[in-house]
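Trainee: Sharing a structure below in structure tokens format, with a few things to ask.
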Amino acid sequence: MIIFDTVTKKYKENITALEDVSFRVDPGEFTFIIGPSGAGKSTIMKLLIREEVPTAGTIFFNDIEVPRLNRRLLPAYRQKLGVVFQDIKLLNTKTLEENIAFALEILDKSSKEIKDTTDYLLDLVGLRDRRDLFPYELSGGEQQRGAIARALANKPDVFIADEPTGNLDVDNAMQILDILKTINKTGTTVLVISHDLNLINKAKDRVINIKDGKLNSDTGAKEIIIPKPAQTQKEEVKEKKDTELSPEFNKLSKSLKEKLRKYAIKTPDILLNITTDELKNMNLSKKENRELANFIKKYLNKKRNE
């Protein structure tokens, strides 16, 4: 599901956050990424959510090459990821219930689905009786559990938690671990960035150790198999002028399908991998751009629910 292939990230010439880091995480795994402060752990998360891009090397999420992902497609891509940041980021002007519901409203879910999903997630993290409280009225552990519930609202393929127990006592930390384990048992891949050795030892799961920006050790190391890249547009056009489009494109407008065909974008997965320059070269109208963005959003929602 996730591949880091010899990834290097430099912020300045003399600041190297990551250097030649490679690892693979398969679907359904529970993995800790550990290391001292400044080792490069959070940089891994930022690269995966495409907040940053590598200086060298590349990253794959399934068959999507993340650094090449067009910025217009980032919102749809990030819906596949559920992230709890170290500073939690709950909205202080909304109650806990409203925080979770807001994440669903953005996805245009029905009122019934919003209510049912919110109730389920509040039960999952044990906060149904705290639903009407604002974040500042919750304890640190409750805020963390609320942030987990919100991050799960869009049914992500991967759940990423950055130091989820950093400021919690042992009992609250163990509650968070139990919730993360429950999430993982439903089939969701879980990545936990942490330096909490008690949590790691208790969990007894795979541990990727980052030290001074390098991969120090990996208790579940796997062979790195790079997805076969899509052919370049010139190669595919040369190979077959009359490109057959995927049936998933059938409902698109005639003009948009013609442009997809012209540039040999035969499938939605190839579409997700086109660069900004390639998209500009397609000379899409504003209407076609909106149509394409809506298609990507619906496509990723469909894939997530399958």
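No value in this document is a laboratory result; all are computed from the given coordinates. Since we're looking at a predicted model, the values are computed, not measured. Every residue, glycine as well, gets a Cβ built from its backbone with ideal geometry; the counts of neighbours run over all protein chains shown.
Trainee: Averaging over all projection directions, find the projected area of the Cα convex hull of the stretch 27-149 and quote it in nm² with one decimal place.
Mentor: Convex hull of Cα atoms, orientation-averaged projection: 9.6 nm².
Trainee: Work out the P(r) tail for the stretch 1-64: percent of alpha carbon pairs separated by more than 15 Å, whole number.
Mentor: Here the long-distance tail beyond 15 Å is 50 percent of all Cα pairs in the stretch 1-64.
Trainee: Separate question: Could I have the simple spin-label model distance between E137 and K181, label points 7 Å from Cα toward Cβ, reported in nm to one decimal?
Mentor: Label at E137, label at K181, 3.2 nm between them.
Trainee: If each residue of separation counts as 0.36 nm, what is the full-extension length gain between A293 and L74 once their alpha-carbon separation is subtracted? Show your work: numbers first, answer last.
Mentor: Details: separation 219, 0.36 × 219 = 78.84 nm, distance 1.02 nm.
In short, 77.8 nm is gained.
Trainee: Still on this structure, I have one more. Give me the angle, in degrees from 0 to 90, between the Cα long axis of helix 140-151 and the longest principal axis of the Cα atoms of the chain, rounded to the nearest 10.
Mentor: 20
Trainee: May I pose another question? With everything on Cα atoms, drop me the angle between helix 111-124 and the longest principal axis of the chain, reported from 0 to 90° to the nearest 10.
Mentor: Relative to the chain, helix 111-124 is tipped by roughly 40 degrees.
Trainee: Applying 1/(1 + (r/R0)^6) with R0 = 45 Å to the Cβ-Cβ distance of D20 and L91, what FRET efficiency is obtained, to the nearest 0.05? Working shown, then result.
Mentor: Details: r = 39 Å, r/R0 = 0.86.
Calculated value: 0.70.
Trainee: Another question about this same structure. Could you calculate the contour length gain from Y120 to I225, that is, 0.36 nm times the residue separation minus the distance between their Cα atoms, to one decimal place in nm?
Mentor: 34.1 nm
Trainee: Ok, one more. Taking the chain as the reference, fit the longest principal axis to its C-alpha atoms, fit the long axis of helix 286-305 to the helix C-alpha atoms, and give the angle between the two in degrees, 0 to 90, nearest 10.
Mentor: 50
Trainee: Rounded to whole Hz and in sequence order, give me ³J(HN,Hα) for the stretch 177-184 from the Karplus expression 6.51 cos²θ - 1.76 cosθ + 1.60, θ = phi - 60°, writing x for Gly and Pro.
Mentor: Those phi angles translate into 4, 4, 5, 4, 5, 4, 4, 5 Hz.
Trainee: Suppose R0 equals 35 Å; then what is the FRET efficiency for K211 and R128 from their Cβ-Cβ distance, rounded to the nearest 0.05?
Mentor: In this case the efficiency is close to 0.25.
Trainee: I would also like to ask the following. Between K202 and E244, how high is the FRET efficiency from 1/(1 + (r/R0)^6) when r is the Cβ-Cβ distance and R₀ = 51 Å? Nearest 0.05.
Mentor: It comes out at approximately 0.45.
Trainee: Still on this model: Please label the shape of the stretch 2-218 as rounded, prolate or oblate, based on the square roots a ≥ b ≥ c of the eigenvalues of the alpha-carbon gyration tensor (a/c under 1.5 means rounded; beyond that, a/b larger than b/c means prolate, else oblate).
Mentor: prolate
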